[in-house]
Amino acid sequence: MPRPAPWFSRLAGLASQFAPPPAGKPAFPVRAVPERAVPGLAGLPRAAWHRVRTDAFGAEPKGERLARIRRSPQFADGAFRNPVPTRRLVYERTALEITRAQLSADKTRRAPAAAVPVHRLLPVDLAAPPASGLRLTWLGHATVLAEIGGRRVLLDPVWGERCSPFDWTGPKRLHPVPLPLSELGPVDVVVISHDHYDHLDMRTVRALIDSSAVFAVPLGVGAHLEHWGVPARRIVELDWWESAEVAGLTLTATPARHYCSRGPRTSALFLWASWVVAGGGHRIFHSGDTGYFPGFTEIGRRLGPFDATMVQVGAYSEFWPEVHMTPEEGVRAHLDLGGQLMLPIHWCTFNLAIHPWEEPAERVVAAAQALGVHLAVPRPGKPFEPVDPPALRLWWRAVAAKPRGIEPLVAGRPEARERVTGVSEQISNSVI
């Protein structure tokens, strides 16, 4: 028997995650990956699948949790629906062409050429409460510690070495976590945007069980947490536009344009979300994973304005443009939301797409400067208060694998402004 491809290389992982749901119809018309195009586990017989399945895959919703899912306005024809028609892969090109593009891309540019200059976060850095009442610490990828309203909120915490159900394969960290989880101190709330491995890490969740934190998740995702040992009384599951009062904060699940899966096929029974956290006179927004859609304006109108937005800007591709934003779309989303300061997330930590490692940072800086957006791009682990953000330093350039003859994007360059000017057409195409 030929050896299967590493299942959670990004190529295999994306192909398998975008496969058809196990039952019912997909969320809005979606051209899904045919099973013959899905490498690795998707073609395994049921008995073989159960032999390789691990706890990390989680559990399916049952009982009242499943009944509540079926009552959701977002649930129709057996699956959760996106807020606008969404294709998880765009098939102007064949699966073979996507595979060739993945294999032929310049792999040397998809990771830093030297050690990422992580700020080694120490407990003393967080010992004093923020003077303004709001402090953010980006810990890499989509993980952010938000100190707001006198509480500590951990968003999409991932401390694992790989975003994968297995220890031996899958995208591996490109830099260490800025501090061990054991040094983080008390956490009041853990917020999860969706169940993909780079946002929901089983070992991290299990390590947080010993805290007194409440876990806020979209509908269905609580089944994974209970399977891993989180007490049901500490799980708050919300549908889009539902809110809950937790530890003196108001948490609201808001729409996003994405999907869920922890196995070889896209799951129909788990919702994805962006989140709004409000307390102490402050409001923040975390995008999770999402493609651009007009709903950002409604979120801003109903729940904004925001002191800070944490917006996904990396892991984009021409092959999946409707489920991950480009940096320019991320800046546009921030403006739609009515954000005061933008913190770009979902880049730097894992190699999840074929774009160069530093490109999301370069492009988001160019777009923000062209549109007059206030931006903070700290090193992973460096705390800051949005009311007094750090000066912009292009720290990634010192470690990026830049080939000779290629100039970085810089403020004021005509091509940078042209790239931003053209984003309106790109955004319009993404929501048709």
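Laid out as a table, the results:
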read-out: Footprinting exposure proxy for Met325, Met202 (fewest neighbouring C-beta atoms within 10 Å first); value: Met202, Met325
read-out: Long-range amide H partners of Asn351 with built H, under 5 Å; value: Lys172
read-out: Calculated from backbone phi, Karplus (6.51, -1.76, 1.60) coupling profile of the stretch 196-204 in Hz, x at Gly/Pro; value: 5, 5, 7, 10, 10, 10, 4, 5, 5
read-out: Rounded to 5, the percent of DSSP beta bridges in the stretch 123-430 classed as antiparallel; value: 60 percent
read-out: Listed residue (Gly220, Thr349, Ala273) projecting farthest to the positive dipole end of the stretch 123-430, Cβ model; value: Thr349
read-out: Estimated vicinal HN-Hα couplings, Hz - the stretch 263-276 in sequence order (Karplus 6.51, -1.76, 1.60; Gly, Pro = x); value: x, x, 9, 5, 8, 8, 10, 10, 8, 10, 7, 9, 9, 10
read-out: Stretchable slack from Arg206 to Arg233, in nm (0.36 nm times residue separation minus alpha-carbon distance); value: 8.2 nm
read-out: Inter-part distance where the stretch 340-406 and the stretch 295-310 are each reduced to a Cα centre, Å; value: 21 Å
read-out: Options Pro327, Pro390, Thr254, ranked by Cα towards positive dipole end of the stretch 123-430, top entry (Cβ charges); value: Pro390
read-out: Long-range amide H partners of Val190 with built H, under 5 Å; value: Leu154, Val214, Phe215, Ala216
read-out: Of every Cα-Cα pair in the stretch 181-265, the percent that sits beyond 22 Å; value: 24 percent
read-out: Calculated from backbone phi, Karplus (6.51, -1.76, 1.60) coupling profile of the stretch 328-343 in Hz, x at Gly/Pro; value: 5, 5, x, 5, 4, 4, 4, 5, 4, 6, x, x, 8, 10, 10, 10
read-out: Within the stretch 180-283, GluC sites (Glu not before Pro) in DSSP loop having at most 16 other beta-carbon neighbours inside 10 Å; value: Glu242
read-out: Fewest-first sequence of Ser317, Ser211 by Cβ atoms within 10 Å of each Cβ; value: Ser211, Ser317
read-out: Set of aspartates and glutamates with alpha-carbon distance to Lys402 below 20 Å, sequence-local pairs under 8 removed; value: Asp106, Glu358, Glu359, Glu362, Glu415
read-out: Cleavage-rule hits (chymotrypsin sites (Phe, Trp or Tyr not before Pro)) in the stretch 160-227: DSSP loop, at most 11 neighbouring Cβ within 10 angstrom; value: Trp168
read-out: Gain upon complete extension [Ala391, Glu97; 0.36 nm per residue less C-alpha separation]; value: 101.6 nm
read-out: Inter-centroid distance (Cα atoms) of the stretch 135-171 relative to the stretch 64-120, Å; value: 18 Å
read-out: Rg/Rg_globular for the stretch 245-402, with Rg_globular taken as 2.2 N^0.38 Å and Rg from C-alpha atoms; value: 1.04
read-out: For the stretch 123-430, convex hull volume per residue from C-alpha positions, Å³; value: 131 Å³
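Throughout, read-outs are computed from the coordinates displayed, never taken from laboratory work. These figures come from a predicted structure and were not determined experimentally. Positions of Cβ are backbone-derived with ideal geometry, glycine not excepted, and every protein chain shown enters the neighbour counts.
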